[in-house]
1. Quick check on Glu341: is it within 16 Å of the ligand (Cβ to nearest atom), among the acidic types (Asp, Glu) and open to solvent by 30 Å² or more (accessible area, probe 1.4 Å)?
2. Filter segment 400-414 for residues that are of a type in the set (Asp, Glu) and without any contact (Cβ under 8 Å) to a residue 12 or more places away in the chain and give the result.
3. Of the numbered conditions (1) crowded, with 22+ Cβ neighbours inside 10 Å; (2) within 16 Å of the ligand (Cβ to nearest atom); (3) within 25 Å of Leu283 (Cα to Cα), Gly247 satisfies every one except a single condition; which is it?
4. State whether one or more residues within segment 3-20 are within 20 Å of Leu161 (Cα to Cα), among the polar types (S, T, N, Q) and either modelled with pLDDT of 95 or more or outside the structural domain of Ala156 (by TED's automatic domain parsing) (or both).
5. Could you give every pair whose Cβ atoms fall below 6 Å, whose first residue belongs to segment 735-750 and is at pLDDT below 95, and whose second residue is aromatic (Phe, Trp, Tyr), counting only separations of at least 6 or pairs across chains?
6. What's the number of the only condition in (1) without any contact (Cβ under 8 Å) to a residue 60 or more places away in the chain; (2) touching a Phe, Trp or Tyr at 6+ places or on another chain (Cβ under 7 Å); (3) open to solvent by 10 Å² or more (accessible area, probe 1.4 Å) that Glu436 fails to meet?
7. Are there any pairs, at least 6 apart or on different chains, whose C-beta atoms fall under 9 Å, with the first in segment 373-387 and closer than 23 Å to Cys617 by Cα and without any contact (Cβ under 8 Å) to a residue 24 or more places away in the chain and the second open to solvent by less than 30 Å² (accessible area, probe 1.4 Å) and in a helix (DSSP H, G or I), and if so, which?
8. Could you tell me which residue of segment 208-239 is most open to solvent (accessible area, probe 1.4 Å), considering only residues that are more than 14 Å from the ligand (Cβ to nearest atom), within 16 Å of Leu331 (Cα to Cα) and not in a loop (DSSP other than H, G, I, E, B)?
Amino acid sequence: MQIRMYPERKGKALGNLFGLFFEDLNHAADGGLYAELLQNRDFEFDSVDRPEYTPLTGWAPVGHPKITLRTEDAPFPRNPHYVRVQGRVHMGISNLGYGEGIPAQKGRTCRLTLWARSEKSIALCAGLCGARAVIELGKDWEKHEVLLTPEYTDCAARLLLTAQSDGSFEIAFASLMPLDTWKGRKNGLRADLVEALAEMKPRFLRFPGGCLTHDGQLDPDARDGIYNWKRTLGPVENRPGRRNNWGYHQTMGIGFYEYFLLCEDLNCEPLPVVNGGLDPHHLRFAQGELLEEYIRDAVDLIEFAKGSTDTYWGGIRAEMGHPESFRLRYLAVGNEEIHQEFHENMTRFAQALRKADPEIELIGSAGPVCDGKPYEMGWEYARRQKLEYVDEHYYQAPEWFLANVDHYASYPADGPKVFLGEYASWGNRMENALAEAAYMTELQKAPAVALACYAPMFCNVHYVNWQPDMIWFDGHRVCRTVNYHVQSMFMRHQGDTDIPVETDDNRTVCEQEYRPSGRIYVLADDTDMLFDGIRLETADGTREWSKCELHGEEEMILGSLEGDFTLTLHCRRNGGKKGILIRFGWQDEDNYDQWTLGGWQNSDSGIEQRIRGRSSCLTQNNFSMQDGKEYEMTLQVKGNVITAFINGEQVHYMAVRPLVTRQLYLAGSVEEENGDVILKAVNIHAEDVSTEIEIPCESYTAETLQGAPESRNTLESPDAVVPKVTTGQGGNRVAYTFPGHSVTVLRFRGTSR
Ligand code: AHR
């Protein structure tokens, strides 16, 4: 194949295209990026956070002391619980750490911070893997700090706090941090995890979530209240912990100050997300003064980041140690919002935010699926409100990414730009990384796409809420997935400007046309459904069923078909939680298409495609099935077009794209600083592709990630598939063979332009 690059024909400015997204799920912060080694350090775990939690979760008695929980005369009013431990000499309590335990390493010093007291001023012994420190407690609450250097390694260690004599002691806060945190900071981050991020050279960091930002009571003071950045500041002992909607306790040890600091360290743009005055998961919508408060919080964030030290929030930033302002160019309001209320609120947020900072670039939301009415409404509002970006999210099968590689090619360059704030193909294997890389070559080229980040970032293997994830870890090990390496290669070699790349023969192959083939059946989805009539029309004729019922998760098989059909159902829900599923083209549990009616808490209708066990939502609309109401549901497939109607109203229209693959997926860019010309090439096929690249240069480096489709990295073999770097001599043209199943970045140096 002949490849020609045109460094002189500069196209789209790539700006901050490839960045990162952080959300505290999978214990990404507490028990993860946050270097705190103790779990439940302030006895604030609560059943609101997770039903089985108590204020003593993560702690165990040493011996048989009497342990009581108290709140009176607590040193930290916002975290009022403390323990009284009463018993004989050598009795006490121990902390179990996260996951399998505290990862103590021989010679790696940790700082133990204790807020404690004792009526009779007894001494306490702190022990960790052979390290011991004696702490004399006084009658009043006092902060004690001691260093503990383990004498042996134990990845499942416990911290022991035991009395040196008979008596009692009280502890309100106990923290154990290694000294070797990232940049040695006291309230620090895990250095090995930050290093993995720093290596990538991201252009921005979206934080603190995700669903984390919009699930909770509207009252931010409630234990399970909506995430509020103002409650994440100040001394960590007094930052109120909260219910993390992913089913655990969030200490807020990493708060907005720490996020901004991390962005500064990574030399990337912070991209904070604030709540838009609603909890869409529980249909709670702020109004009146409460909504004003949400808007005020968003406005105050600008002051916190950029205000001078004599402003209120700028002053707090300075007090926390950062008198200089932080960067703040982007601000997102909302996450996956599909409600009218959100879009109306957004108009007011936008007005207030622009007044506070005319330079701020605002990001609106278009829901969790990249097609359908709520998605279009998100874009429509964004255009009206003249927002700079629209946040899009989707998690799909690798086949979807390949079939939709040019998804954004037709999006206009003017008006709001695409912020692809969350995306991933389902899986951490090389086939996923290849599909994502192919997709990213087109994200680079699409004029409308401005920002994109893979999601989620981190997962502690002991606490999996969501997968795939970019980086997996336990207490002492880190695994950079193959998806991570693709992201890293695209970030480190992003370039400043896109340039055209042409080929003489980049063969495309249609691997699969869309044509449903297989069983068609109806399932109740946790409901009692009465059907007054079902009619299925296919090329072979029409079949009809009169009255029937489905309960719970019962199913009714209607037949087997190939190609076009029209299915009409008359039904009524007679109780239950959701709606019905209509499966068609069903071959086995891993391969079928589906119309979901009343999915996601009975709030939506979607057309999904499951390929090799991985589902893609092709299009989505709002819909909630109600008891007693009569419905006529019609599903029609004609060629590659799926149309669905509810009571005569069209709710879905989707032209399913065939899976067409290219021999190579290519993208070119230039880096202004050094004149390097960069070629990214993705070969998703097994066969090598030999090329001749027309690009006069002195030399080049090639960074290649290659692995069989099923290969992946694990904690046990973190380097099974890693990029390899080679160098080569330049010339007028460079002959290069792209190996099968590989992602390659060629960087041509000394190009004569
Ligand atoms: O990334 C995981 C979750 O996926 C995010 O919290 C949410 O925004 C999306 O649904």
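1. Details: within 16 Å of the ligand (Cβ to nearest atom): no; among the acidic types (Asp, Glu): yes; open to solvent by 30 Å² or more (accessible area, probe 1.4 Å): yes.
Answer is no for this residue.
2. Restricting attention to segment 400-414, the residues satisfying the condition of being of a type in the set (Asp, Glu) are 406, 414.
Of everything in segment 400-414, just one residue is of a type in the set (Asp, Glu) and without any contact (Cβ under 8 Å) to a residue 12 or more places away in the chain, namely Asp414.
3. (1)
4. Filtering segment 3-20 down to residues within 20 Å of Leu161 (Cα to Cα) leaves none.
No - not one qualifying residue is present in segment 3-20.
5. none
6. (3) is the only condition that Glu436 fails.
7. Listed pairs, sorted by first residue: Glu380/His343.
8. Looking at residues that are more than 14 Å from the ligand (Cβ to nearest atom), within 16 Å of Leu331 (Cα to Cα) and not in a loop (DSSP other than H, G, I, E, B), I get Lys230.
The values are calculated or read from the model by the stated rules, or taken from the named source; none is laboratory data. Note that the structure is a prediction, hence the values are computed from the model and not measured. Note: ideal-geometry Cβ built from the backbone for every residue, glycine included; neighbour counts use all protein chains shown. Accessible surface areas use protein heavy atoms only, side chains included; no ligands, DNA or RNA. Shrake-Rupley method; radii C 1.70, N 1.55, O 1.52, S 1.80 Å.
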